[in-house]
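Visitor: Below you'll find the structure I mean.
The values are calculated or read from the model by the stated rules, or taken from the named source; none is laboratory data. Remember, predicted model here, so these are calculated numbers, not experimental data. Virtual Cβ from ideal backbone geometry, glycine too; neighbours counted across all protein chains shown. Surface accessibility is based on the protein's heavy atoms, side chains included, excluding ligands, DNA and RNA. Shrake-Rupley method; radii C 1.70, N 1.55, O 1.52, S 1.80 Å.
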Amino acid sequence: MPRKLYIAGNWKMNTSLAECAALTEGLVERLGDVADVDLAIAPPFVYLQAVGRQVQGSRIALGAQNMFYEDNGAYTGETSAAMLKDVGCCFVILGHSERRHVIGETDELINRKVLKALADGLTVILAVGELLEQRQAGQTMDVVRRQVQVGLEGVGVAEMAGVTLAYEPVWAIGTGETASPAQAQDVHAMIRTLVGDLYDAETAAATRIQYGGSVKPSNAAELLALDDVDGALVGGASLKAEDFAGIVQAGRDVP
Ligand code: PGA
């Protein structure tokens, strides 16, 4: 089953209000009509509503970099799925390595968020990936397997239509280092097999798995051409409209 490419920009804690408006304008100009690739951006929370207005009428989807699993109440500093939907978000990135390793989120916490996002009608990009020392210790597959397994605990087969997985080796994020095509393909293939074991062959074939970690226009083609790589989750290079568009073009050019 051919899977439609899905390329998402994770802006992290970057841009001022003015920069964010200019970046969005550049993206809408270059990519607003692209229909053969699914495109998405995740700006900082405080700019979501403004960016939402700018991307309205374009094909660029708006999403958030995180959320909380309760509806409302005394959760200082948190944001609910309903709030995200209210300002035009349709997806949320969960389990990003910076949430796991800088903020300290566990697989179990991430799972609660995944379940709530799906229940409330957001699609999810669930990010997974090993640390450098885990790769060096030969633990990559075990670590990623656990993150996928626990992250998806309780997610039904029908709900999997709303889940994209993103493999992001932590040592390749923001470092300029990229997994080699063989390293990326190996882990992506393992994840797809795992989805098949957890669900069924049809779900495994339909689930998109993005690669993330220093993806840029110059290396996007070789990564996006891999059998089990169905898109990219882009950090640094998503902060320049030209670079993000270059990655999208590289994907569109894959034969
Ligand atoms: P990077 O970040 O492209 O800057 O390496 C990717 C990510 O963290 O999603």
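Visitor: Would you please list the contacts, defined by Cβ atoms under 6 Å and residues six or more apart or on different chains, that run from a residue in the range 84-103 that is more than 18 Å from Glu70 (Cα to Cα) to a residue that is of a type in the set (Gly, Ala, Ser)?
Guide: Going by the 6 Å Cβ cut-off, the qualifying pairs are Gly88/Gly52; His96/Ala127; Ser97/Gly129.
Visitor: Can I ask one more? Residues that are within 16 Å of the ligand (Cβ to nearest atom) and within 25 Å of Lys12 (Cα to Cα): find the helices (runs of 4 or more DSSP H) completely inside the range 138-208 holding 1 or more of those.
Guide: 140-151, 181-198
Visitor: Also, quick follow-up: Of the numbered conditions (1) away from the ligand (no atom under 11 Å from the Cβ); (2) of a type outside the set (S, T, N, Q); (3) under 22 Å from Thr15 (Cβ atoms), Val254 satisfies every one except a single condition; which is it?
Guide: Answer for Val254: the failing condition is (3).
Visitor: Moving on. Answer yes if at least one residue in the range 183-190 is more than 18 Å from the chain's Cα centre (by Cα), surrounded by fewer than 22 Cβ atoms within 10 Å (Cβ to Cβ) and under 28 Å from Lys240 (Cα atoms), and no otherwise.
Guide: So far as the range 183-190 goes, yes, one or more of its residues are more than 18 Å from the chain's Cα centre (by Cα), surrounded by fewer than 22 Cβ atoms within 10 Å (Cβ to Cβ) and under 28 Å from Lys240 (Cα atoms).
Visitor: Right, something else. Examine the range 172-179 for a residue that is buried (at least 16 other Cβ atoms within 10 Å of the Cβ) and more than 20 Å from Asn219 (Cβ to Cβ), and state whether such a residue exists.
Guide: no
Visitor: Follow-up question, since we're still on this one. Do you know which residues across the range 218-234 are assigned to a loop (DSSP other than H, G, I, E, B), open to solvent by 10 Å² or more (accessible area, probe 1.4 Å) and closer than 13 Å to Ala179 by Cβ?
Guide: Once the filter is applied, which keeps residues that are assigned to a loop (DSSP other than H, G, I, E, B), open to solvent by 10 Å² or more (accessible area, probe 1.4 Å) and closer than 13 Å to Ala179 by Cβ, the range 218-234 yields Leu226, Asp228.
Visitor: Looking at the range 104-139, which of its residues are open to solvent by 10 Å² or more (accessible area, probe 1.4 Å) and farther than 19 Å from Glu70 by Cα?
Guide: Result: Leu131, Leu132, Glu133, Gln134, Arg135, Gln136, Ala137, Gly138, Gln139.
Visitor: While we're looking at this one, here's another question. Return the pairs, sorted by first residue and then second, in which the second residue is part of a loop (DSSP other than H, G, I, E, B) and basic (Lys, Arg), the first residue lies in the range 18-35 and is touching a residue at least 12 places away in the same chain (Cβ under 8 Å), the beta carbons are less than 9 Å apart, and the residues are 6+ apart or on different chains.
Guide: Short answer, once both residue conditions are applied: Leu23/Lys240; Gly26/Lys240; Leu31/Arg59; Gly32/Arg59; Asp33/Arg59; Val34/Arg59; Ala35/Arg59.
Visitor: Let me ask another. So which residues in the range 235-255 are open to solvent by less than 10 Å² (accessible area, probe 1.4 Å) and touching a Pro at 6+ places or on another chain (Cβ under 8 Å), if there are any at all?
Guide: Ile247
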